[in-house]
2 protein chains.
Amino acid sequence: MPDVAAAPADTRPYSPGLEGVIAGESSLSQIDGEAGALRYRGYPIGELVEAGSYAAVAELLWTGDWNPGAKLPCQPVPDAVMTALRALPRSARPMDALRTAVSVWGSVTDPSWPATPDQARALTAFSPSALAAFARLRQGLEPVAPDPDLDLVAGYLYQVNGRAPDTETARALDAYFVVGAEHGFNASTFTCRVITSTRSDLASAVVGAIGAMKGPLHGGAPSEVVEQIHEVGSPEKAEQWVRDTLAKGDRLMGFGHRVYRAYDPRAAALRKVAEGMEHRPEWLELAIAVEDVALRVLQEKYPDRPLRTNVEYYAAPVLMGVGLTPDLFPATFALARHAGWTAHAIEQGANNRLIRPDVRYVGPAERPLPR
Amino acid sequence: MPDVAAAPADTRPYSPGLEGVIAGESSLSQIDGEAGALRYRGYPIGELVEAGSYAAVAELLWTGDWNPGAKLPCQPVPDAVMTALRALPRSARPMDALRTAVSVWGSVTDPSWPATPDQARALTAFSPSALAAFARLRQGLEPVAPDPDLDLVAGYLYQVNGRAPDTETARALDAYFVVGAEHGFNASTFTCRVITSTRSDLASAVVGAIGAMKGPLHGGAPSEVVEQIHEVGSPEKAEQWVRDTLAKGDRLMGFGHRVYRAYDPRAAALRKVAEGMEHRPEWLELAIAVEDVALRVLQEKYPDRPLRTNVEYYAAPVLMGVGLTPDLFPATFALARHAGWTAHAIEQGANNRLIRPDVRYVGPAERPLPR
């Protein structure tokens, strides 16, 4: 609008995207990008994957207590949620289905504020059942009721596939859930805290977080890693494929990270679980082979750039390996992040202050309406 | 956790609640708290209420163009949404129903990014129909299809009540929608922009915003103003009631505002519409009488405090006056704010940068897992 007078400039400092701005305090996780370290409440992520389970890690985040024997079986889907899921078109995106399911869940459960560990347990144990139900409904299959004897991750796969996974498969996905459980003030977690800060309920906060994670700048594009591994095809073709890709100027998916300059500790933990599997799915086998080649070639071509493997590189083959289709990856990531989101809602509520930043007005100066 | 070593202190500056931190730029609205002014794209709110309509103001926010003849009739509710609304318990909170309706709507409509004015029109014209449908369903009444000849606000009341409102009633609610359409970076609008910044879709952003507005620190407690007017009972009892309330140390609801030190320009615009009505509802009549007394007594008792009427004071009697029950107030406020939320999503998408602040870690230092 060049013919319109601008308002006087607001000269207060402005950090686009709030980059480098501290928006809150948390004792849930600590990220050390230089050292390649991630810790939940002080415990290194590698130790948590090795000695714990998603249920134990979720309890640690919610309560601060470490109980490696904690269990969290999936919960049944309330009727109102199932009706809403059945009404969705089969073509609906799983993230939309999950967002809707949590919204309906919020309308039939306790909305009291501040959020409690019991609310967090109930929601975190409900969502896998809802997503699994939708995954079956869209294939024309009936949902499967949760098995109370299975822990959350095995119970999720059971409800998706209609049969319980073997121990190794459940263990691989559990490791993925542990490393995906929490990661500081990313956009979805920050959304969760902003919503909670108005004294709104846990379901509203998680519904907003799911919406934020749905964006490709946050939830990522895990199917791209799948396509890459698919293109490579077999370990012996890896070196040629990597060299050709870089020669064309294309990016290798799954390498480099905004924060981690060293090897992403989440990728390291997932690779370790993968290497320990007796019967590795073909996807994992291939991913391990390609990674070794890719790191060697990247180091050779770009010795000064810290291009290390990131978590998405291993997330994709683990998720494929346990039998999930790529269009379920973002929503499965959202299931894993439930522990962190709900823990942040509890933490925000325990020491609340409304999160309400300012905005710089850059529009037209005061003017009368045209008559 | 006093027996646990704390992590080294992060000494970067931290503004709790991001107070005073500029989180973005916008040309949509400008608030001048000292002068008691609010302008949308430079046009004073009072002029917009007088010469415009909600449809015209929404178009102004979405496109920057002023077209006082713009129309925006309510749109029909898709089948999947209606099924989900029918599945909700009658006791569900209207904000939960609206959040769910928008989530389902997002799963059956165009999710392309960035958001467009057409998407904003479609969503803003859908939501009143969905909320009205739920308002009827919970009373055991069948929903009423939208009348394409009625503009948005009259069409909303038509679908709630099953009959079209008279011109004065529609005008009063339209004024409420205009003053509620947009107000800078409040918590819900900020939520909307954070979600949009991940390149997530408009429905996800508005679903998150509804969740944020659901919190009483943001959406407020309009029923408290209703109770207050109810308690006063009649204009001649106003003075005694106001003096007794202040003598007891209780707060007068609807006076004072975080930003506006002068008379809230939204309240001024609503009062002006109310005063111009030929047949004022009893609620408005009483509110006007009580306000005059309250301002006089507040000025007498607290000459140094800027306790002026705020928008909530007039929102409540306007909403009661047009026949809405108090438990529909927050969701009706959310309908009005759709114009602003969706305009912010368009603005964010047009010049996007991921909104991702930092967090200060205040938990335990690195430690091994107990064995």
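Measuring with a 1.4 angstrom probe and ignoring ligands and nucleic acids, residue A:243 comes out at about 80 Å² accessible. Summary of the geometry: region B:1-75 and region A:132-205, compared by the centres of their Cα atoms, lie 35 Å apart.
In the assembly of identical copies, residue A:79 has its label point, taken 7 Å from Cα in the direction of the beta carbon, separated from the corresponding points by 2.3 nm (ascending, one decimal).
Chains A and B together bury some 8400 Å² of accessible area, summed over both sides, with a 1.4 Å probe. Annotation for residue A:50, label-to-label distances across the other copies: 7.5 nm (shortest first, one decimal, point 7 Å from Cα along Cα→Cβ).
In the assembly of identical copies, residue A:142 has its label point, taken 7 Å from Cα in the direction of the beta carbon, separated from the corresponding points by 3.2 nm (ascending, one decimal).
Given A:214/A:301; A:214/B:214; B:237/B:301; B:248/B:301, which pairs have Cα atoms separated by over 24 Å?
Working: A:214/A:301 34 Å; A:214/B:214 22 Å; B:237/B:301 19 Å; B:248/B:301 13 Å.
In this structure, A:214/A:301 lie more than 24 Å apart at Cα.
Once whole DSSP H runs in chain B are found, which of them have Cα atoms spread over 18 Å or more along the helix axis and a mean Kyte-Doolittle score of at least 1.0? Membrane-span-like by this criterion, though nothing is claimed about a membrane: none.
Amide H contacts for residue A:23 (H built 1.01 Å from N in the peptide plane; partners 5 or more residues away or on another chain; cut-off under 5 Å): B:358, B:359, B:360.
Please work out whether chain A counts as rounded, prolate or oblate from its C-alpha gyration tensor, where a ≥ b ≥ c are the square roots of the eigenvalues and a/c under 1.5 means rounded, while otherwise a/b larger than b/c means prolate and anything else oblate?
Working: a/c = 1.56, a/b = 1.14, b/c = 1.38.
Since a/c reaches 1.5 but b/c is at least a/b, the shape of chain A is classed as oblate.
Of B:351, B:161, B:310, the residue with the greatest mean-square motion in the GNM of chain B, using alpha carbon springs below 10 Å, is B:351. Backbone amide hydrogens, once placed in the peptide plane, bring residue B:308 within less than 5 Å of B:256, B:257, excluding anything fewer than 5 places away on its chain. Beta bridges per DSSP, both residues in the protein assembly as shown: antiparallel share near 65 percent. Other residues lying with their Cβ under 14 Å from the Cβ of residue A:73 contribute a combined charge of -3, Lys and Arg counting +1, Asp and Glu -1. Determine, from the Cβ-Cβ distance of residue A:25 and residue B:5 and an R0 of 22 Å, the FRET efficiency 1/(1 + (r/R0)^6), rounded to the nearest 0.05. That gives a FRET efficiency of 0.80. Simple rule: put +1 on each Lys or Arg Cβ and -1 on each Asp or Glu Cβ in region A:1-141, find the dipole, and look at A:84, A:106, A:46; the Cα lying farthest toward the positive end is A:84.
What part of the accessible area of region B:221-321, given as a whole %, is carbon or sulfur when the probe is 1.4 angstrom?
Working: 2380 of 4950 Å².
Carbon and sulfur together cover 48 percent of it.
Take peptide B:102-114, look around each residue's Cβ out to 10 angstrom, count Cβ atoms belonging to other protein chains, and average those counts. Let's see the in-between values first.
Details: counts 4, 13, 10, 2, 8, 13, 6, 1, 0, 4, 0, 3, 0.
Per residue, the average neighbour count from other chains is 5.
Enter the mean number of other protein chain beta carbons within 10 Å of the beta carbon of each residue in A:24-32, as an integer. The partial results should precede the final answer.
Numbers: counts 10, 8, 5, 9, 4, 3, 9, 3, 2.
The per-residue average across the peptide is 6.
Each of A:216, B:297, A:58 was placed along the dipole of the protein assembly as shown (beta-carbon charges, centred on the mean Cα), and the one lying farthest toward the positive end is B:297. Comparing A:266, A:136, A:163 in a Gaussian network model of chain A (Cα springs below 10 Å), the most mobile by mean-square fluctuation is A:163.
Each Lys or Arg adds one and each Asp or Glu subtracts one; over the other residues with Cβ under 14 Å from the Cβ of residue A:285, this totals -4. Give the residue from A:287, A:255, A:173 lying farthest towards the positive end of the charge dipole for chain A; charges sit on Cβ (+1 for Lys and Arg, -1 for Asp and Glu) and the dipole is referred to the Cα centre. The Cα lying farthest towards the positive end belongs to A:255.
With the cut-off at 1.5 for a/c, could you classify region B:221-321 from its C-alpha gyration tensor as rounded, prolate or oblate? Note, shape of region B:221-321 comes out oblate. Note on B:42-53: average number of Cβ atoms from other chains within 10 Å of each residue's Cβ is 3. Measuring only protein heavy atoms, the 1.4 Å probe finds residue A:304 accessible over about 150 Å².
Comparing A:360, A:337, A:171 in a Gaussian network model of chain A (Cα springs below 10 Å), the most mobile by mean-square fluctuation is A:360. Summing Cβ point charges (Lys, Arg +1; Asp, Glu -1) relative to the Cα centre of the protein assembly as shown gives a dipole of roughly 340 debye. Show that you can apply the helix-only estimate: for the protein assembly as shown, add -39,500 (n - 2.57) for every DSSP H stretch of four or more residues, divide by all residues, and state [θ] at 222 nm to the nearest 500. Value at 222 nm, helices only, nearest 500: -16500 deg cm²/dmol. Summing charges over all other residues whose Cβ lies under 10 Å from the Cβ of residue A:96, with Lys and Arg as +1 and Asp and Glu as -1, gives +2.
The values are calculated or read from the model by the stated rules, or taken from the named source; none is laboratory data. Note that the structure is a prediction, hence the values are computed from the model and not measured. Using ideal geometry, Cβ is built from the backbone for each residue, glycine included, and neighbour counts are taken over all protein chains shown. For accessibility, only protein heavy atoms count, side chains too; no ligands or nucleic acids. Shrake-Rupley method; radii C 1.70, N 1.55, O 1.52, S 1.80 Å.
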